[in-house]
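One structure is given here, and the rest of the page talks about it.
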Amino acid sequence: MDRIRVGVVGVGALGQHHARTYAAMPDVELVGVVDALPGRAAEIAGPLGTAAFTDYQSLFGRVDAVSIATPTTTHAAIGQEFLNAGADVLVEKPISNSIEAAERLVAAAERNQRILQVGHLERFNPAVRELRKLVANPRFFEAHRLGLFSPRSLDIDVILDLMIHDLDIISLLVGHLPARVDAVGIAILSQRIDIANARIHFTNGCVANVTASRVSMEKVRKLRLFQANQYISLDYTRQDVSVYSLEGTPGTGTPQISGRKLTPPREEPLALELAAFLVAVRNRGPVECSGADGICALSLALEIHGQAEKAQAREFDRR
């Protein structure tokens, strides 16, 4: 492939940035953008010098690869159609709203021998990449992902919308399956859970306490973890990592704690994610976040959702 022909389906809050990023890449031709709202498709396409469509099937046969940034409930169905049409697919997180639909999407990629990458963006955050070099057998996580209310992504709750970012990263770092989940969540400004907390016990004994809210007054994106003789704090937004280590041999005198901050060069995670996807398209794999990885994060998110709903029902019964 001299130039990879790409398209973007869904150019709302997220998809518009996929289109912008592709349009700026060398050796990439942004063939067109698709949105169900004609005015929206044209609004994004015009400045980027590409075509606007309202029917995603208009891209069949015209693109080698596509980003799908439509509502979550449509991810699997649209993704399958593109895979069947011979295109490689990057689907925004979460991979789908159900395990069954996600499995059909993964099966379509395998059947058609196409690339499928799931857009778990934080894997490409430079600070997360630094963190992955430091983590060895973590024992406890504390994650907070808080944001202002927005009308986007109201087809899913805050667990699938925001918390799933941290669920993916924590699962990646722990490397073991969840053994037990306890969760609570409530709807505040929408018809779905807007704020949730989960306590996850993994099979190796690690515990994660994860909070997500889309009705907060400030934006917070932080992950903290503890492992033997070390405390590490990650700020996703600032893209830095603070490391505090216990120096010397425990029990041999006054412990000394040393601290350092890692600040890798700032980069746009989306640009790194799309570049990695296109490398996989050219080389026919592998991808950083596979369909199986997407299903793993989705499965944990759905378990948390189920436990939160049970907790709500118990509280309602008590009243």
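The values are calculated or read from the model by the stated rules, or taken from the named source; none is laboratory data. In this text, all values refer to a predicted model and were calculated from it rather than measured experimentally. With ideal geometry, Cβ positions are generated from the backbone for all residues, glycine too; neighbour counts draw on all protein chains shown.
Out of region 159-181, which residues are over 18 Å from G119 (Cβ atoms) and in contact (Cβ under 8 Å) with a residue 40 or more places away in the chain?
Within region 159-181, L173, P178, V181 meet the criteria.
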From the list R5, R20, pick out the single residue that is of a type outside the set (S, T, N, Q) and in contact with a Lys or Arg (Cβ under 8 Å, 6 or more places away or on another chain).
R5
Can you tell me which residue among R111, R132 is outside the structural domain of F226 (by TED's automatic domain parsing), under 30 Å from A65 (Cα atoms) and out of contact with any Gly (no Cβ under 8 Å at 6 or more places or on another chain)?
R111
What is the number of the single condition among (1) among the hydrophobic types (A, V, I, L, M, F, W, C); (2) surrounded by fewer than 23 Cβ atoms within 10 Å (Cβ to Cβ); (3) under 26 Å from G7 (Cβ atoms) that A136 does not meet?
(3)
Among the candidates G185, G147, G205, residue that is in contact with a Ser or Thr (Cβ under 8 Å, 6 or more places away or on another chain) and in contact (Cβ under 8 Å) with a residue 24 or more places away in the chain
G147
Restricting region 191-202 to residues that are of a type outside the set (D, E, K, R) and under 19 Å from the mean Cα position of the chain (by Cα), the one surrounded by the fewest Cβ atoms within 10 Å (Cβ to Cβ) turns out to be N197
Of the residues in region 1-38, those that are modelled with pLDDT under 95 and assigned to a helix (DSSP H, G or I) number 1
Could you go through region 74-83 and let me know if any residue there is part of a loop (DSSP other than H, G, I, E, B) and either buried (at least 21 other Cβ atoms within 10 Å of the Cβ) or modelled with pLDDT of 95 or more (or both).
no
Residue check for E247: within 22 Å of I68 (Cα to Cα) and either touching a Gly at 6+ places or on another chain (Cβ under 7 Å) or surrounded by fewer than 18 Cβ atoms within 10 Å (Cβ to Cβ) (or both)
no
Among the residues of region 132-157 satisfying the criterion of being under 21 Å from G306 (Cα atoms) and of a type in the set (G, A, S), which is modelled with the highest pLDDT?
A143
If the requirement is being farther than 22 Å from L154 by Cα, in a strand (DSSP E or B) and either over 21 Å from the mean Cα position of the chain (by Cα) or outside the structural domain of D166 (by TED's automatic domain parsing) (or both), which of these qualifies: V89, V106?
V89
Only one of D55, D64, D88 is closer than 18 Å to A275 by Cα, surrounded by fewer than 23 Cβ atoms within 10 Å (Cβ to Cβ) and modelled with pLDDT of 95 or more; which?
D64
Residues of region 114-137 satisfying the condition of being touching a residue at least 40 places away in the same chain (Cβ under 8 Å) and not in a helix (DSSP H, G or I):
I115, L116, Q117, V118, G119, H120, N125, V135, A136, N137
Tell me, please, whether a residue that is among the polar types (S, T, N, Q) and under 18 Å from the mean Cα position of the chain (by Cα) can be found in region 134-147.
no
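Let's see how each residue does on (1) assigned by TED's automatic domain parsing to the domain that holds F149; (2) in a helix (DSSP H, G or I); (3) surrounded by 16 or more Cβ atoms within 10 Å (Cβ to Cβ):
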{"residue": "D168", "(1), (2), (3)": "yes, yes, yes"}
{"residue": "L172", "(1), (2), (3)": "yes, yes, yes"}
{"residue": "V184", "(1), (2), (3)": "yes, no, yes"}
{"residue": "L189", "(1), (2), (3)": "yes, no, no"}
{"residue": "N204", "(1), (2), (3)": "yes, no, no"}
{"residue": "E218", "(1), (2), (3)": "yes, no, no"}
{"residue": "V243", "(1), (2), (3)": "yes, no, yes"}
